[in-house]
1. Output ³J(HN,Hα) for the range 347-358: one whole-Hz value per residue in order, computed from phi by the Karplus curve 6.51 cos²θ - 1.76 cosθ + 1.60 with θ = phi - 60°, and x for Gly and Pro.
2. Name the residues whose placed amide hydrogens come within less than 5 Å of the amide hydrogen of His548, ignoring near sequence neighbours (fewer than 5 apart) on the same chain.
3. Determine the alpha carbon to alpha carbon distance for each of Lys101/Lys126; Lys149/Lys234; Lys82/Lys343; Lys562/Lys612; Lys63/Lys461; Lys267/Lys485 and list only those over 19 Å.
4. Run lengths n ≥ 4 of DSSP H only: what is the helix-derived mean residue ellipticity at 222 nm for the chain, with -39500 (n - 2.57) per run over all residues, to the nearest 500?
5. Counting alpha carbon pairs within less than 8 Å and at least 6 residues apart, what relative contact order, in whole percent, applies to the range 524-628?
6. Tell me the angle of helix 193-202 to the major Cα principal axis of the chain, expressed in degrees between 0 and 90 and rounded to the nearest ten.
7. P(r) tail for the range 15-167, what percent of Cα pairs lie past 21 Å?
8. Could you derive backbone 3J(HN,Hα) for the range 106-114 from the dihedral phi with the Karplus parameters 6.51, -1.76 and 1.60 (θ = phi - 60°), listing whole Hz in sequence and x where the residue is Gly or Pro?
Amino acid sequence: MDSKKFVFPSEDVKNYATIQSYDDLYDESIADRETFWANEAKRLDWYKPWDKVLDDSRHPFYKWFVGGKTNIIQNAIDRHLKTATRNKLALIWEGEPGDLKTYSYHALNREVAEFANILKAMGVHKGDIVTIYMPQIPEQIFAMLACAKIGAAHSVVYGGFSHEALAERINAANSRVVITADGGFRRGKATKLKDIVNKAMELSPTMEVCITVKRTGEEVYMENDRDYWYHDLKALPIASHKCATEEMDAEDMLFLLYTSGSTGKPKGLVHTHGGYSVYTSATHRMVFDIKPEDRWWCAADPGWITGHSYMVYGPLINGSTIFMYEGAPNHPYPDRWWRMIDKYGITVLYTSPTAIRGLMRYGESWVNRHDISSLRLLGSVGEPINPEAWRWYHEVVGNKQCPIMDTWWQTETGGFVITPLPITPLKPGSATKPFFGHEIGVVDEQGKDVAANDVGALVIKNPWPGMARTIMGDDERYNETYWSKFEKQKYYHAGDSARKDEDGYYWIIGRSDDVIKVSGYRLGTAEIESAAVSHPDVAEAAAIPLPHELKGSGIHVYVILKAGKEGNKELAKELLDHVAKVMGPIARPEEIIFADSLPKTRSGKIMRRVLKARALGEDEGDLSTLDD
Ligand code: ATP
Ligand code: MG
């Protein structure tokens, strides 16, 4: 497939979409950005409207909807209780063993109010930060929403981190209260979360209270006056299902969340109630053309930004029915996802290329056992999607009917920044065009736009409501990391390198640090890896630069082969030739290294910095988010 010539969606899809013309609305949103966002904000409820849409007086510390009073819960739950959405399903949840729970918006409100009252009774106040370390069970979402409801911020720590990583995050947040569960189910086994929390608490001087949800029923160690079972607290009169939602300033902190740690020590970013509500709901609604009858499945973990913005907040604000699954995609068989899509009539699936590649390995027969024709749209996030995975996702999962929304964004951006809409003609591997209100640049070292198809640094030239406000407790690092490089132009420096083609489509080609300069040519890790994966024997690949006497840098490619394939000299030679053929001779790797696994973050991203450090015998840096 020549990706550059591929055009999708068909006319049918165009007629189905609410937004008929990208260009008109885009131009309007750029001509008057503040009015565009004010109009979006007006779709939401506010206790008190804002005085000013954007305060840009203290760059780079922008404020949105200044003077406005709201709470994200006012829009994610409260306003739905006044309409027929009250009795619509808010959440369908399936546990790994197959147990099922459903909650209407009415029921969700009761759960959240009860949890909120319990937190209050435990002395949680507005402005506190509560740490949440849980498996993917409904209570994880209730806990997040309960914090927001009473004006406490949450810090969700992915339930796969070590006790050291957890303790570090608890301490950074000064959390008094942590919410956890005895464990969760993963590949048929119970994880032991509470044990990890117990160890973390030994390292945390601020910890006072641990609330534990019973999920697995495994025995856990509990201490008097510190540990409480959630179901015990729920049975007490303190857990009333009536709880007023706290009025917050638009700029008050909603949560603290760490980046994935692909490129270095994770950064703890701060998001707020007002701008984030507007941004997540607008992007979710428009990019996925959300309909009242949708059943939305964002197959992420709430421990990452994707889970926060598009599993929980954006969809709930839009009154969607969200689906959540607890466990492994291949348990008990590799058709688990397809079975659930069939069973629950999922209409939109939003996931990552790494998940797609993982399921692709088992072949399409697992998909074809089920009727997944309810799907109307697909989404991708986390890394560039290679054409092999794109095609499989589109053809096998989407039955050639579903456009793929390849959304580029970051923890820092709060929501989608470069993304198609259902009407956008797609080019596999490109996240296509800027979302409304965004001016994106691909620039050189001086901040000047480079020519079409040249590689440069990806920048955002404007503020937007969903932007992170700072790195918690470290304004200076925030300024330094994202705003100092192109200080003069006031550009947000994303840290990714990209190309913009002659049609104005953006192609993310890798992390800026990962771009490989071979004899003066700049090659993207994503492109090299995608070339390697297009060989029929290759399942996954990671490309890194290592110093080379003549070329400056040479390309070294780590390769995981598909099941049953064996790495040997001949195949290595074949792969070198293959990459050179796909990419051009300049991209011929120095070597192919066969590996059984690649170092990845818990969110599924390859940690090239770790491969590089290992190859050079250097310090591996922060490994707290490394998957084992
Ligand atoms: P850290 O900032 O700690 O190194 P991270 O950047 O991996 O970690 P996230 O905020 O979870 O943490 O990921 C954002 C990054 O993911 C982007 O900067 C980009 O490199 C990559 N990414 C996300 N979506 C896409 C996409 N659709 N196409 C290409 N790359 C993507
Ligand atoms: Mg990042």
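1. 9, 10, 10, 10, 8, 10, x, 5, 5, 4, 4, x
2. For His548, whose amide H was placed from the backbone, the distant partners under 5 Å are Ser553, Gly554.
3. Over 19 Å Cα-Cα: Lys101/Lys126; Lys82/Lys343; Lys562/Lys612.
4. Working: 19 runs with 168 residues, N = 628.
That calculation yields -7500 deg cm²/dmol at 222 nm.
5. This gives 24 percent for the range 524-628.
6. The angle comes out near 80 degrees.
7. On the way: 7276 of 11628 pairs.
Cα-Cα pairs in the range 15-167 separated by more than 21 Å: 63 percent.
8. Karplus-based 3J(HN,Hα) across the range 106-114 equals 4, 5, 4, 4, 5, 4, 5, 5, 4 Hz.
The values are calculated or read from the model by the stated rules, or taken from the named source; none is laboratory data. Not measured: the values here are computed from a predicted model. Note that we place each Cβ from the backbone using ideal geometry, even for glycine, and neighbour counts take in every protein chain shown. Just the protein is used for accessible areas: all its heavy atoms, side chains included, with ligands, DNA and RNA removed. Shrake-Rupley method; radii C 1.70, N 1.55, O 1.52, S 1.80 Å.
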